[in-house]
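Reviewing the structure listed below.
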There are 2 protein chains.
Amino acid sequence: MANASQKALIDFVRDRFGERPVVTNVDDIAPWLVDWRGRYHGAAPAILQPDSTEQVATIVGKAGELGVPLVPQGGNTSMVGGATPPADGSAVILSLRRMNRIRSLSAEDNLAIAEAGVILQTLHETAEASGRRFPLTLGARGSATIGGLVSTNAGGTQVLRHGTMRGLVAGVEAVLPDGAVHDGLAALKKDNRGYDLNQLLIGAEGTLGFITAATLRLVPAIARRAVAWVGLDHPRTALKLLREIEARSDAVESFEIIPGDSLALVLSAIPDTRAPLAGEYPWHVLIEAVGGEGDPNDPRALLESVLAEALEAGTIADAVIAASEAQATAFWKLRDSLSEAERSAGPAVQHDISVPVADMPDFMVDAAKRAEARFPGTHATAFGHLGDGNVHFHVRAPQGSQWDQWYAQEAETISRFVNDMVVAAGGSISAEHGIGQMKLRELERLGSPARLATLRAVKSALDPRNICNPGKLVALAPASRDT
Amino acid sequence: MANASQKALIDFVRDRFGERPVVTNVDDIAPWLVDWRGRYHGAAPAILQPDSTEQVATIVGKAGELGVPLVPQGGNTSMVGGATPPADGSAVILSLRRMNRIRSLSAEDNLAIAEAGVILQTLHETAEASGRRFPLTLGARGSATIGGLVSTNAGGTQVLRHGTMRGLVAGVEAVLPDGAVHDGLAALKKDNRGYDLNQLLIGAEGTLGFITAATLRLVPAIARRAVAWVGLDHPRTALKLLREIEARSDAVESFEIIPGDSLALVLSAIPDTRAPLAGEYPWHVLIEAVGGEGDPNDPRALLESVLAEALEAGTIADAVIAASEAQATAFWKLRDSLSEAERSAGPAVQHDISVPVADMPDFMVDAAKRAEARFPGTHATAFGHLGDGNVHFHVRAPQGSQWDQWYAQEAETISRFVNDMVVAAGGSISAEHGIGQMKLRELERLGSPARLATLRAVKSALDPRNICNPGKLVALAPASRDT
């Protein structure tokens, strides 16, 4: 079902590079036409899967000539439909999964060069084998690839200390929309040769070119960690506690906030879970502090002293530090099971939002109250990366409602309501998941005219034929709102 | 001598905002038509000096309509002619110096919002009054302004630990080329709403719009510091020493390398200086480690243990830790006097270059040898920020040569030779000073076609009328090479 241009591109790739980089079998393609949550369904007559930067460059150059759009894919773990091809079948999928070499890893320099198709977990394991660590992790680490993680400026649970992908990328190699190769892999700590093209490509969701490799910063491996669970009265108290710890040390990597009723859901819905503390508290915090090899600081001593003082001062209600790795893992399981537990209580309209850190405690509480008041019977929950000013904000269906019908009727209205509150608070409607196709209309509705005009101008200038992941992140014409 | 369009702009500004934002007195304008080193001479009939973002936006919008180019100025401390207007008098200077308010400073959040015209030293002092520190400093701190520092992605002597301006800016407010205001001041740790417009404006040298304010990250004030002076045999040894310290702590803020003969020049040319060590060594290193309030680590103990081990192992030849603040200041004076001492020995063609850190030790030595062999009689010296992979590379005139004549004849050839070596090493011909007008031709000669095409495309798309600091950073047409 390839159109003439697509057929010409496929034939060209076969002719130049043989059968290996071409997938046209319908069954082989099918899994890659749907996002992992099953929300977006696309069509494409082929997957092209080059195994070198040169092959990518050749393919992109030819696709540009022929006017065939390319949709890049790594692990296909986008939360916003960013890797699903358009439904009209006009595009071809460009899979980077075969570019899966770790080209180099220097423990001395704390740098690794990984190709786009390297799976995050593989990088973790390779770094660990050299006594180092790549300090970004997230639930999809077994599937998500470096190319996708860079292209979406991925976050996760260690951003508090190490930043998002934007801060961990020391260099980028990419094929630009005209097929030219941008070689920005050299890890230069200082480089003032004009607009930072690497930074422009990070988080661009493949709309300005295709990342083929990245130079990534490593940190020392973790020698020991301390994981604490705290019960307290309000997110404001949680932030105060975080500030207290940060004033003494930068060893805290995770600081996750969990509402008391969400924890109750986890305890009732997820097998083999138990409450870390005896009492019940309105809010809970999971804290992880780590120490590297040779690091004189003891993360456990740090948490013990801060928490003891906070208990004595009456700031927090109760706290416990995991006595073993098994207990630490059990604490993390409670945090990681939140989404699953929430699902068991009914469908929720989900949002990945950020506001300035200092404003997040009150925002979490006030926004939940306002959402529940505006949509009677719903239950609104905010949880997650308090230290990053980023929470996942879920509005759950009323008990007893017809879930599918409720979602179809209410989801868009609820999201607009939540996003309006976020914008009023000076925040972002996409903290870490990106825009993809899911948030495109909301970005158009809520983005400042200056920002939107700039996005369009950059996209049009660098990808004038709209070859690179069209229909994602930036809407080129206002007309596209109606499609 | 204003042309009709300039006159219309000046009249418009007077009409809207009164006399205060308009300077047309020739004597008042004169100092701002020349860069501080006296290398670039421009012309302009007026300085416009708005005192609010709204005034800047109104002026830029009108300038766009009238086609009057604007050259932004802060402290006028550019090293590359980046703030000097074109010699043909076609532009008007837009001074941001009256926008000099620190809009807010939160010690708790470690953030300050400073307007473009705030002088770096003022920010330092204001932060210190709140027990905080803005961890970027450089020689021109008494004149350089926040707008210029952000626009040039400034570096300095604390980059090793805290990064360049790019890493210290949490938010940007700017007036875009069409007069629209980009409000990106909110300090969001996570924000994935597409291309990072803030990052695009940082280091753009005012060619994509004018920064009016920035949100800046603060760190705890320094409670104590330790400054060491080390004698050793080779830059490779110096880098090894740095790695050793970094493996134990991130407390090192400065790690500056100084050749033995440069130190000798300082000792002979600069009054009130004395050698920190008794012996003579081929290379010297100045190390500063700091500890914040409440930080359990002792920077002095750190340096003592590392240096004692290195001495015992025979890695380094000698070392001393400053016994007092006065001695620490004296050590820094030696480092800070390098350029002045070099000048006393004759004019030098100067380069601000970077290569990957691991490659810098050999590059420093080899490049100096090759330059001296290629240009007989010259003396080549590399010194500075070894830990950042950034050195200042000077090629000094042969003794006894006619200095002015030598410089006029040789400077360009020497720079091309040095820059060729830098590019061959995968480095940058501008590490921290930017491109401005000084390095424009070399960037055109040596930049990859992909990079240059992208710079031009972005500039043309965002500033189609070429209103913003024309002729700096990016040459819009190849023809401009010949102007």
**OP:** Quick one: which residues, 5 or more positions from residue A:157 or on another chain, have an amide H under 5 Å from its amide H? H modelled 1.01 Å from N in the peptide plane, none for Pro or chain starts.
**Re:** A:137
**OP:** Pop out the ³J(HN,Hα) list for the stretch B:56-64 in order, Karplus 6.51 cos²θ - 1.76 cosθ + 1.60 with θ = phi - 60°, rounded to Hz; leave Gly and Pro as x.
**Re:** 4, 4, 5, 5, 5, x, 5, 4, x
Subject >> Integer Hz, Karplus 6.51/-1.76/1.60 couplings in order for the stretch B:39-48, x for Gly and Pro >> reply: 8, 10, 10, x, 9, 6, x, 7, 10, 9
Subject >> Charge dipole (debye, nearest 20) of the protein assembly as shown; +1 at Cβ of Lys and Arg, -1 at Cβ of Asp and Glu >> reply: 1840 debye
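Under a Cβ-Cβ cut-off of 14 Å, what is the net charge of the residues other than residue B:183 that fall near it, where Lys and Arg count +1 and Asp and Glu count -1? All intermediate terms of the calculation are to be shown ahead of the outcome.
Numbers: positive: A:451, B:103, B:193; negative: B:54, B:115, B:173, B:191.
Net charge around residue B:183: -1.
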**OP:** Would you mind calculating the relative contact order of chain B from Cα pairs under 8 angstrom and at least 6 residues apart, reporting the percent as a whole number?
**Re:** 15 percent
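Rank these for me by crowding, B:329, A:145, going from fewest to most other beta carbons within 10 Å.
Working: B:329 12, A:145 29.
Fewest to most other Cβ atoms nearby, the residues stand as B:329, A:145.
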Original post:
Per the Kirkwood definition applied to all pairs of different Cα atoms, how many angstroms is the hydrodynamic radius of the protein assembly as shown?
Top reply: 29.7 Å
**OP:** Kindly rank A:205-215, B:93-103, B:175-185 from highest to lowest mean number of other beta carbons found within 10 Å of each residue.
**Re:** A:205-215, B:175-185, B:93-103
Original post:
Using only Cα atoms, what Kirkwood radius does the stretch B:116-271 have, in angstroms?
Top reply: 17.8 Å
Subject >> Folded to 0 to 90 degrees: helix B:4-17 orientation relative to chain B principal axis, Cα >> reply: 90 degrees
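To the nearest 20 debye, what charge dipole does chain A have about its Cα centre, counting +1 at the Cβ of each Lys and Arg and -1 at the Cβ of each Asp and Glu? Spell out each step's value before the answer.
Details: 45 positive and 57 negative charges, 200 e Å.
Using Cβ point charges on Lys, Arg, Asp and Glu, chain A gives about 960 debye.
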**OP:** For residue A:106, go 7 angstrom from Cα along the Cα-to-Cβ vector, then report the distances to that same point in the other copies in nm, smallest first.
**Re:** 4.0
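Of A:333/B:190; A:190/B:189; A:472/B:190; A:439/B:62, which pairs sit farther than 27 Å apart, going by alpha carbon to alpha carbon?
Values: A:333/B:190 24 Å; A:190/B:189 22 Å; A:472/B:190 19 Å; A:439/B:62 35 Å.
As for pairs spanning more than 27 Å Cα to Cα, those are A:439/B:62.
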Original post:
Which ³J(HN,Hα) values in Hz, rounded to whole numbers, follow from the phi angles of the stretch A:429-434 under the Karplus curve 6.51 cos²θ - 1.76 cosθ + 1.60, where θ = phi - 60° and Gly and Pro get x?
Top reply: 7, 9, 7, 9, 8, x
**OP:** Could you work out, residue by residue across B:214-227, how many beta carbons of other chains sit within 10 Å of that residue's beta carbon, and then give the average as an integer?
**Re:** 0
**OP:** Starting from the amide H of residue A:213, placed 1.01 Å from N in the peptide plane, find each other amide H under 5 Å away whose residue is 5 or more places distant or on another chain.
**Re:** A:116, A:173
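Bear in mind these aren't lab numbers, they're just calculated from the coordinates by the rules spelled out. Computed from a predicted structure; not experimentally measured. Cβ atoms come from the backbone with ideal geometry, glycine included; neighbour counts cover every protein chain shown.
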